[in-house]
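Working notes, beginning with the structure itself.
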Amino acid sequence: MKKIALLSIPIVLLSLQQLHAQGPKIEKETWDEKPSIHTIAAKYSKESAVVVSSKLRLEYVDEAKDEVAEYYTLHKIIHIIDDRGIEGFNKIYLGINEDAEVVDVKARTILPGGKIIALDKNNIKEIKDEKDNVYKIFAMDGLEKGCDIEYYYTYKKPTSYFGREVVQESIPVLQTNLRIISPKRLKFDVKSYNFSTKATDTVINDNRIAECNVIETPGLEEEKYAYYDANLQRIEFKLSYNEVINKTERLFTWNELAKRLYSIYTDYSDKEYKAVTDLVSANGWDKLPDETSKIIAVEKYVKGKFSYNEQLGSKDGNSLEGVLNTKVAGTIGTMRLYGAIFNNLGVVYQFVLAGNREKYLVDRSFENWNNCDYPILYFPAENKFLAPTRPDYRYPWIVATWGETNGVFCKHTSIGTLSTAIADVKNVTLEDYQKSFQNIEARLELNPGLDSIAIDEKQIFAGYAAIGYRDAFNYANADQQKDMIKELTKAFANSENILFSEVLNQDFDAENTNLPLILHTKTKSGELIEQAGNKLLLKIGMAIGPQVEMYQEKPRQAPINMEFAHVEERKLEFIIPAGYTISNPNDLKINQTYIENGQQTMGFVSDYEIKGNVLSIHIIEEYKKTDYPFNQFDQFRKIINASSDFNKVVLVLEKKGS
Amino acid sequence: MKFKLLTTTLLVTGAASLAFGRPVTDSSATISTATEAYEFVYNAKSNSVQVKEKLSTTYTANVYQASIPVAEMFNNQVSITDVDCRVDGHSLRDFKPLYTYYGSDDIFYSDEQICYFPLNIPKINGTGVVKFEETVADPRYFTSIMFQESYAVKHKEVSIKIPRWMKVDLKEYNFNSFNIKKSVQYIPGDDADVITYSIDNLPATVKESNSPGPTYIYPHLLVLCKSAKAGGHDFTYFNTIDDLYNWCHGLVKSVVANQDPITAKAKELTTGLPSDLDKIKAIFYYVQDNTRYIAFEDGIAGFKPEAADEVLRKKYGDCKGMANLTRSLLVAAGYDARLCWLGTDYIAYDYQTPSLAVGNHMICALNFQGKTYFLDATESYIGFNEYAERIQGRQVLVDNGDKYILTRIPVAAIDQNHDVEKGKFTINGENFTGSVSHLWKGEDKEGVLAGLNSIKKEKTETAMISFLSQSNPDYAISALKISGTETPDKDVSVNYDVKYKDGLSAFGKDYYVDLDRKKDLQDASIKIGERKHDFWFGHKINLSVENELTLPAGYKISEMPAPLNVVNPNYEFHVQYTDGHGKLIYKKTILIKNTHLAKTDFAQWNKDIEQLTKTYNETAVLKPVTE
């Protein structure tokens, strides 16, 4: 998601001081001219490399015309321990902003014998990736085990009064120093996440320095069911006071954000609003009986007739008139369009800026405007949301990781004739867990030759679990759809031999009523049956598709994160062939649940019954929460592994009387 | 084409891991018309011959909200002078192509860049027209014209305007099954010939795993720019293979190196070693082990090797730099070593066609005791006198001063590679317990080591356990011993104890036993009709498994699956259970003797794989002797 334009509006922070006529007064980064190799404690000997020192410095300096410039400096020393360390640090990528003014870049290798190999600046290249991110890249010369790598760079970046510096990496960081240096009138607040540290606030001459020192940050490895970025230790900062103006008036509050957002999203002329009135009238939305019908009809029309272009940032392209003419809109234009239509219809809504649980959070007490990137609409009467910038989502579904975390709700208010908004930071509630499911209903029957199985199967997806599949089926062409059906069928029925297939309730509109997307297939599979002498071995466990298996050899580092709470219910029927009996049906019984405060919050329960020649298996697997705390990991793992244990169940079919 | 090393290493080896993946095509749009016009022009200002290109493509959307990634490559020799894009007849608001570096896994930095933008066509049957104008500054770099596109093409015209002062050969490749019409028109006013190819109903290119390189399968022209006489000047490009060699060799000659560190390093590496062969290996393995493959291909650096002392100092380089360092160290140690140019098996051409498109790799040749050895230090784990499949049998241009030697790299016998697993097991409760030894040679060994070392976050032992167990935590390995990883000169082997239950089922008093846990090639049938191209294995496969189960006391073998023997000129499968008197013995051998499996052989291959799978799905049965 592209950063919302309103956050990048230049902000004048009056200095009321003599402006500098000379160049910027920033610290010049230096390194030790006679460095010695760092000795690393024995406890790190199994690491591939260790960050010995990571120094980050953000400097805000006054420039002409009441503008404040920002310079960013990073200085790192890394000790290389083994070949993987060499592989990992042979190539260095330094992220900078597009059009950034690079002040200095230096790098060197310090060999164990003390020899220093300095990087030739001619070997520093610049690249840009497909998202317009710019990098300075270079390869470190002469790396060998036991060497140190040292580099630093300083560049001038577009000024931002909010920031986030991640201090944890996949390898240990022995020492981190973060300093924010600003003119003394500008006071930054600093807050740490996923760990605890305090910042000092010091004024030296004309500068104020907020500083954090962090010692021995352990490496964080990626783990299953954990959002890596969200769990990394990080320090966030924001400008909170300009003491020249007012020592106690807090800057960049959530209320100020709500006010700005409201002002931008409702910025249209009477003429433009009249055009929207005509649109409402022409489509008969005002005649619809209730608010929900209006919301659904408007969304269907806009997402069907208008294109959302994330890259479209121009003023004209986002004016309501421009949007109505071209049927193409960027983020602001899209939000204006929905807002104007719903205003016209009298539908009560709030603009909301959502966070993203995968990365960072909206903190009520720490107003980092960089943490709320995703605009959605909230309808208080229905207590539901709409995602205007996501053509693949329909009311009331939004991207699941935008929910179950705080968002900034912009509540409309009036001051005299002035309409504005105030902020309410609160949870963006997702739909009830029972509405999101990924179920299987299957009937399995052996062929007369007893060497393959006919499987009549329905894979049933609803709620958040259906979004990705519905999107894929709607935007894919015929060949791609065919491939998807094959892949899904192969995953669950272990067969590409598809005799029949149909996709039901594929339309996006089905999301409004949560009509499940159903993939119905009839297949023939030889993979689930094996012959052993006069017995048949039925790999019934594989009929629920491959399940995740979790084995945690190292202590778990992160809490458990799931994209959304959900249910997986499977109903399998197996027709027992004539003359055969199942000798081990009790292998199908598995029961793993976790009760918290008297309520089951997660579980896997499988059971069966045999009536006549039909074996009916019922499995219910539920995860009722999106996040589980660290101390419930063992229970969580048992439940996850219960489903993979079911994968391994093999039923033995014996001839009666043998 | 620059000398890019294609470092697509085989993933952790084992035939079971071979991908028989499905073809990937994009039919979200069709190209209704495409025209490509090329013209050789003389630029008096730069006193050079240039190639002007005008490309126009009209896309028609087949789906709602089609998003077509439009990308055009350019570099120091090829510039894009104009880009235009229209959708449904309208120019685009905020149209801003992204001009950026083109990265790949193989190349850290090059002058290869990309002009990219998504062409979004909102409605079905909507159209998008994309136009590029480009200039190639030097005809040497105008090497080929590919006809097929990522999308199906209804009609395409390719025209090449060649003034008669320009000598060019156009070689047609893979035209066979395509309806491509050619016409030639002389334009007297320009004293030029216009050669036009027109094609109807050209299918989209199909990406498939393990396919031959594009020059083997797609219709295209190889453009051989030989010479020109323009503006009163004579220009010679690649008229003969001698011209190509002289150009490449000239770049090598211009490389100036400081010999002192090379001589010192050669001495350090070889002092005290007893034989010439030991010294040669020490040098080759040093470059392999201590020089990381990092390619900077900036302008002429894409063709010119870096000085050997610089590669030695930096401890990284590309194929050219590593070849040059290998050669320089060997020469400094007193051996006859040469640089070589070649194209890997990714390229269909050989040196009968003088063009920059022929080569994509450099290695070192060593003349030693009457035999020529080829040393490719970019293959990090291959031994001396072993050859990667991709260079086996390839024509190679060997530096010989003012002249060159044209020869071929040997084709290795199948026993260069070997993947051998031997296990001895007993039944302990519901588990197999026992000990396993595993040995890898040649490219199998290279695959294992490359795989292990590519896993950055784990130590060798953890990664090896994960590989051996196929990440199955129920395959519990203990007492793991790994040997042979320290030098490419040795085979890699492991020994370990194991406890596992996959393949063992106890029902009542009977045991159902499957002694093949991996079932190599089980999923290797090929979808005939879907697969468009021949299937090329990464290397020859020579795989054997020998597992021995000691029968539990009081048990006999009741049933054993029938043996399987498939023998074919291209491959062999042998699977057999035997009664070893108190032991059940399982032996399997899989040989892929010819890495190129042709489409015409797919039907037989599938029949043989079906037989193999059927054998895998049968188990042996052990019963009490009393029954």
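A few remarks follow.
- When residue A:588 is tested against the conditions (1) open to solvent by 20 Å² or more (accessible area, probe 1.4 Å); (2) touching an Asp or Glu at 6+ places or on another chain (Cβ under 8 Å); (3) at pLDDT 95 or above; (4) not basic (Lys, Arg), the lone failure is (1).
- Of the residues making up segment A:214-251, those that are within 25 Å of the chain's Cα centre (by Cα), of a type in the set (A, V, I, L, M, F, W, C) and closer than 30 Å to residue A:332 by Cβ are A:230, A:237.
- Residue that is modelled with the lowest pLDDT [pool: residues in segment A:197-221 that are hydrophobic (A, V, I, L, M, F, W, C) and in a strand (DSSP E or B)]: A:204
- Test for residue A:608: is it touching a strand residue (DSSP E or B) at 6+ places or on another chain (Cβ under 6 Å) and open to solvent by 50 Å² or more (accessible area, probe 1.4 Å): yes
- Segment A:73-90, subset modelled with pLDDT under 95 and within 29 Å of the chain's Cα centre (by Cα), residue most open to solvent (accessible area, probe 1.4 Å): A:87
- Residues that are within 14 Å of another protein chain (Cβ to nearest Cβ), of a type outside the set (Phe, Trp, Tyr) and not in a loop (DSSP other than H, G, I, E, B) within segment A:26-49 comprise just one, A:49.
- Reported count of residues in segment B:578-627, each being assigned to a strand (DSSP E or B), open to solvent by 10 Å² or more (accessible area, probe 1.4 Å) and away from every other protein chain (no Cβ under 13 Å), is 9.
- Hits in segment A:133-143 (condition: within 7 Å of chain B (Cβ to nearest Cβ) and either closer than 12 Å to residue A:86 by Cβ or in a loop (DSSP other than H, G, I, E, B) (or both)): A:139, A:141, A:142, A:143
- Unmet criterion (only one of (1) within 23 Å of residue A:475 (Cβ to Cβ); (2) in contact with a Pro (Cβ under 6 Å, 6 or more places away or on another chain)) for residue B:83: (1)
- Among residues of segment B:467-502, those that are surrounded by fewer than 15 Cβ atoms within 10 Å (Cβ to Cβ), within 12 Å of chain A (Cβ to nearest Cβ) and under 16 Å from residue B:441 (Cα atoms), counted: 1
- Any chance residue A:62 is open to solvent by 10 Å² or more (accessible area, probe 1.4 Å), modelled with pLDDT of 90 or more and more than 25 Å from residue A:215 (Cβ to Cβ): yes
- A single entry from B:61, B:152 fulfils the requirement of being within 14 Å of chain A (Cβ to nearest Cβ), over 32 Å from the mean Cα position of the chain (by Cα) and buried (at least 19 other Cβ atoms within 10 Å of the Cβ): B:61.
- Scanning segment B:316-336 for residues that are open to solvent by 30 Å² or more (accessible area, probe 1.4 Å) and assigned to a helix (DSSP H, G or I) yields B:327, B:331, B:332.
- Residue in segment A:187-198 that is more than 14 Å from chain B (Cβ to nearest Cβ), open to solvent by 10 Å² or more (accessible area, probe 1.4 Å) and over 29 Å from the mean Cα position of the chain (by Cα) present: yes
- Any chance residue B:346 is open to solvent by 10 Å² or more (accessible area, probe 1.4 Å), in contact (Cβ under 8 Å) with a residue 60 or more places away in the chain, touching a Leu at 6+ places or on another chain (Cβ under 7 Å) and away from every other protein chain (no Cβ under 14 Å): yes
- Pairs where the first residue, in segment A:645-658, is more than 10 Å from every other protein chain (Cβ to nearest Cβ) and open to solvent by 80 Å² or more (accessible area, probe 1.4 Å) and the second is in a strand (DSSP E or B) and of a type in the set (A, V, I, L, M), C-beta under 7 Å, 6+ apart: none
- Any chance residue A:302 is out of contact with any Gly (no Cβ under 7 Å at 6 or more places or on another chain) and closer than 19 Å to residue A:376 by Cβ: yes
- Here B:75, B:125, B:43 are screened, and the one residue that is away from chain A (no Cβ under 13 Å), open to solvent by less than 70 Å² (accessible area, probe 1.4 Å) and either over 25 Å from residue B:170 (Cβ atoms) or modelled with pLDDT under 90 (or both) is B:75.
- Number of residues in segment A:340-352 that are in a helix (DSSP H, G or I) and open to solvent by 10 Å² or more (accessible area, probe 1.4 Å): the value is 3.
- Within segment A:454-480, residues that are without any contact (Cβ under 8 Å) to a residue 40 or more places away in the chain sit with their Cβ atoms under 7 Å from residues that are outside any loop (DSSP other than H, G, I, E, B) and among the hydrophobic types (A, V, I, L, M, F, W, C), at 6+ positions apart or across chains, in these pairs: A:472/A:484; A:476/A:484.
- Being within 27 Å of residue B:242 (Cβ to Cβ) and among the charged types (D, E, K, R) is a condition met by at least one residue of segment B:364-376.
- The listed residue being within 14 Å of chain B (Cβ to nearest Cβ), more than 26 Å from residue A:507 (Cβ to Cβ), small (Gly, Ala, Ser) and open to solvent by less than 10 Å² (accessible area, probe 1.4 Å), out of A:313, A:317: A:317
- Subset of segment A:319-339 (residues that are free of Cβ contacts under 8 Å to residues at least 24 places away in the same chain and in a helix (DSSP H, G or I)): A:322, A:323, A:325, A:326, A:333
- Of the set (1) within 13 Å of chain B (Cβ to nearest Cβ); (2) in contact with a Lys or Arg (Cβ under 7 Å, 6 or more places away or on another chain); (3) open to solvent by 50 Å² or more (accessible area, probe 1.4 Å), all apply to residue A:618 but (1).
Listed here are the residues, each with its yes/no results for (1) among the small types (Gly, Ala, Ser); (2) within 23 Å of residue B:610 (Cβ to Cβ); (3) away from every other protein chain (no Cβ under 12 Å).
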residue	(1), (2), (3)
A:440	no, no, yes
A:448	no, yes, yes
A:455	no, yes, yes
A:462	yes, no, yes
A:468	yes, no, yes
A:474	no, no, no
A:489	no, yes, yes
A:502	no, no, yes
A:508	no, no, no
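- Scan of segment B:297-315 for residues that are modelled with pLDDT of 90 or more, facing chain A (nearest Cβ under 10 Å) and outside any helix (DSSP H, G or I), ordered by number: B:315
- For segment B:133-147, residues that are under 23 Å from the mean Cα position of the chain (by Cα) and part of a strand (DSSP E or B) total 3.
The values are calculated or read from the model by the stated rules, or taken from the named source; none is laboratory data. As the structure is a computational prediction, the values presented were derived from the model and not from experiment. Cβ: placed from backbone, ideal geometry, glycine included. Neighbour counts: every protein chain shown. Only protein heavy atoms, including side chains, enter the accessible area calculation; ligands, DNA and RNA are left aside. Shrake-Rupley method; radii C 1.70, N 1.55, O 1.52, S 1.80 Å.
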